[in-house]
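Read the figures in this text as sums done on the coordinates, not as results from a lab. Not measured: the values here are computed from a predicted model. Methodologically, a virtual Cβ is constructed for each residue, glycine included, from the backbone with ideal geometry; neighbour enumeration extends over all protein chains shown.
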Amino acid sequence: MRILGIDFGDKRIGVAISDPLGLTAQAVAVIGKGDDYDHDIRELKKIIHKYEGVDEIIVGLPKTMAGDIGRQAQKVLEFVGALKKSFNLKVDTWDERLTTVEAERTLISAGLSRQKRKQVIDRSAAAYILQGYLDSRRK
């Protein structure tokens, strides 16, 4: 059983995958967003095929600091709807407030240049989203 984690952005989609036991998240890919969801879903299908045993997808939901659903969160919910229509898997959201900030701090402390951080920030944020979800299931 694996879980796919997604950080859905305006330009890119970060992707992470759990280990088969559902304990740890690993950043695996960044997908350049297509003009429509069809492209994005095709790319996600390739990743799911590569990592056998995926039975759940968690998508980061960027709520406002007040916990409300803003414009970006509404875009994510539309994408989640497209995922539910395209995959015969459980698809859910996870509050992702500040995950990109946390990922950025970690990458800076690791000494990555601004250019390197730009290349990996989306998949790192996906890993933070997924790890938060995995950790919550163990409590």
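How large is the helix-only mean residue ellipticity at 222 nm for the chain, computed as the sum of -39500 (n - 2.57) over DSSP H runs with n ≥ 4, divided by its residue count, in deg cm²/dmol to the nearest 500? Don't skip to the end; give the middle numbers.
Values: 4 runs with 66 residues, N = 139.
Value at 222 nm, helices only: -16000 deg cm²/dmol.
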>> Which one, Ala29, Gln72, Trp94, is farthest towards the positive end of the dipole of the chain when Lys and Arg carry +1 and Asp and Glu -1 on their Cβ?
In response: Ala29
> When the Kirkwood hydrodynamic radius is evaluated over all pairs of different C-alpha atoms of region 2-138, what value in angstrom, to one decimal, is obtained?
Replying inline: 14.9 Å
> Ranked highest first by average number of other Cβ atoms within 10 Å, how do 87-94, 126-133 line up?
Replying inline: 126-133, 87-94
> Which is farthest toward the positive dipole end of the chain among His39, Ala16, Thr106, measuring Cα position about the Cα centre, with Cβ charges +1 (Lys, Arg) and -1 (Asp, Glu)?
Replying inline: Thr106
>> Taking 35 Å as R0, compute the FRET efficiency from the Cβ-Cβ separation of Asn88 and Ser109 and round it to 0.05.
In response: 0.30
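Between Asp135 and Ala66, what length in nm is gained on full extension when 0.36 nm per residue of separation is reduced by their alpha carbon distance?
On the way: separation 69, 0.36 × 69 = 24.84 nm, distance 2.30 nm.
Extending this stretch completely gives an extra 22.5 nm.
Compute, for the chain, the length of the dipole vector about the Cα centre, with Cβ point charges of +1 (Lys, Arg) and -1 (Asp, Glu) only. Units Debye, rounded to 20.
Values: 24 positive and 20 negative charges, 62 e Å.
Magnitude of the dipole: close to 300 debye.
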> Counting other Cβ atoms within 10 Å of each Cβ, which trypsin sites (Lys or Arg not before Pro) in region 1-83 have at most 13 and sit in a DSSP loop?
Replying inline: Lys11
